[in-house]
């Protein structure tokens with residue numbers, strides 16, 4: 001096994017920073033929208049309130065940021081795991097780094113589309129692209145781990 005590749009940590013940290021930016025954006029729109037909905041009588045915060053009731057009282061463009069934040073807790077977890085495997089194996093080749101940064105870049109664009117317009121067809125294309133990049137990373141990691 002090769003030595004640890006700190007270069008492969010860059011994309012991991014990058015996507016985490018992006019996730020924190022989305023979380024900040026989410027709260028900076030969601031909290032004021034919640035206050036407005038309460039003042040307008042559209043929302044009454046109760047312990048037994050369902051997620052659907054809460055979301056129904058908020059404008060769609062506010063919900064999109066929360067939806068994207070939740071998306072960043074799903075498939076990117078696989079990315080983090082594979083990128084850490086690659087880092088542990090010392091896999092910091094140009095191809096591996098290029099794939100990792102490409103994944104981060106596509107996820108950033110996906111976030112911007114979801115948060116700003118939520119155009120489903122565009123988001124789907126970006127999701128498929130990010131899935132393809134992640135699949136390529138996974139195959140490369142599998143070859144490195146299991147040999148070929």
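We did not get these values from a lab; they are worked out from the coordinates using the rules stated. Treat the numbers as computed from the prediction; the structure is a model and nothing was measured.
Between 0 and 90 degrees, the angle of helix 94-116 with respect to the longest Cα principal axis of the chain falls at about 10 degrees. Could you state the angle between the C-alpha long axis of helix 76-88 and the longest principal axis of the C-alpha atoms of the chain, as a value from 0 to 90 degrees rounded to the nearest 10? Between helix and principal axis, roughly 30 degrees. Helix 9-39 axis versus longest C-alpha principal axis of the chain: approximately 0°, rounded to the nearest ten.
Relative contact order, whole percent, for region 23-148 stands at 25, derived from Cα pairs under 8 Å and 6 or more residues apart. One way to sum up the overall shape of region 37-148 is the equivalent ellipsoid from its Cα gyration tensor, whose semi-axes run 38, 15, 10 Å, largest first. Could you tell me the center-to-center distance, by alpha carbons, between region 18-49 and region 70-104 in angstrom? The two parts, judged by their Cα centres, are 32 Å apart. With the biggest extent put first, the Cα atoms of region 20-96 measure 57, 22, 16 Å across the principal axes.
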